[in-house]
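Data first, discussion second: the structure below is written as C-alpha cells.
The values are calculated or read from the model by the stated rules, or taken from the named source; none is laboratory data. The model shown is predicted, which means the values in this text are computed figures rather than measured ones. Cβ placement follows ideal geometry from the backbone for every residue including glycine, while neighbour counts extend to all protein chains displayed. Each accessible area value is taken on the protein alone, full model and side chains, heavy atoms only, with ligands, DNA and RNA left out. Shrake-Rupley method; radii C 1.70, N 1.55, O 1.52, S 1.80 Å.
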Amino acid sequence: MQVAGTLERVRSSPRTRLTADARPVELVELATSLIARVGYNRFSILALAEEAGMTRAGVLHHVVSKEQLLVDILSARDQTLSETLAAALQHLPDTHVHDILNNVVRRNIAEPEFTRLFTVLSAEALDPAHPAHGWFAERLRRSIATLAPLLEDEGHPGEQTALQVLSYMDGLQLTWLRDPSLDMWSLWQGFSARVLGSPEMRSE
C-alpha cells in the first residue's frame with residue numbers, strides 16, 4: 001500500500017516528512033504500541049506526542065481528540081479481526097462459528113489493555129454526544145449481521161443467539177477486568193457449550 005510504504009521509508013529515514021494522509025496512520029500505530037506498553041490509564045496525547053517527536057498541538061492537528069484517536073485504534077484492530085474472520089469463513093463448514101469466537105476471546109485475554117480500552121470507551125459512548133457513540137452502535141449492528149447467518153447455519157436462532165453471545169462476551173470482559181483472577185477462558189467455554197453446543201455435539 002502507498003501509505004504503508006511511506007511509513008516504512010519514514011522509519012528508515014527519520015528526517016523524511018510524512019504526507020497529510022500518512023501522519024494519522026503513523027499516530028494510530030504509535031498509539032497502539034504505546035497503549036500495549038504502558039497501558040490505557042497511562043496513555044495520553046502528551047505521551048503520544050513525545051513518542052512521535054511532535055508537540056501536543058501537532059498531534060491534535062491530525063487526530064482531533066483523544067477519544068477519536070482511541071476509536072481509530074479500535075477501528076484498525078477491528079479491521080484486522082475482520083480480515084481474520086474473512087479468512088476463516090473461506091474454510092467453512094470445516095471451521096465452526098464456535099472456533100471463530102474462541103479466537104476472539106483468546107485475543108482479548110492475551111491483550112488486556114486493549115480489552116480495557118474497548119470496555120471503557122464502550123461505556124462512555126453510551127452518551128449520544130460522545131464521538132464514539134455512533135461507532136459502537138454501528139459495530140453492534142455489523143457484528144450481529146455477521147454472526148447471525150453463521151449461527152443459523154448451525155441450527156441456532158440467528159439474531160437472537162448473536163445478541164446473546166455478544167452481550168455475554170462484553171459482560172464477561174467487564175467482570176474479568178474488574179477481577180483478573182477469574183478464569184475468563186473457562187467461563188467462556190462453559191457459556192459457549194451451553195448456548196452453541198459442545199464440539200462433540202457439533203461433530204455428530
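Structure summary
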{"item": "Odd one out for ARG142, checked against (1) without any contact (Cβ under 8 Å) to a residue 40 or more places away in the chain; (2) within 17 Å of ASN108 (Cβ to Cβ); (3) under 21 Å from the mean Cα position of the chain (by Cα)", "result": "(2)"}
{"item": "Residue within region 112-124 that is closer than 30 Å to VAL64 by Cβ and exposed (fewer than 15 other Cβ atoms within 10 Å of the Cβ) present", "result": "yes"}
{"item": "Number of positions in region 125-134 that are in a helix (DSSP H, G or I) and open to solvent by 50 Å² or more (accessible area, probe 1.4 Å)", "result": "1"}
{"item": "Candidate set: region 149-159, residues that are open to solvent by 30 Å² or more (accessible area, probe 1.4 Å) and touching a Leu at 6+ places or on another chain (Cβ under 9 Å); chosen: the one nearest to ALA123 (Cα to Cα)", "result": "GLU159"}
{"item": "Residue, farthest from SER122 (Cα to Cα), within region 34-82, restricted to residues that are in a loop (DSSP other than H, G, I, E, B) and of a type in the set (Val, Ile, Thr)", "result": "THR55"}
{"item": "Restricting region 99-119 to residues that are among the acidic types (Asp, Glu) and more than 11 Å from LEU177 (Cβ to Cβ), the residue that is modelled with the lowest pLDDT", "result": "ASP99"}
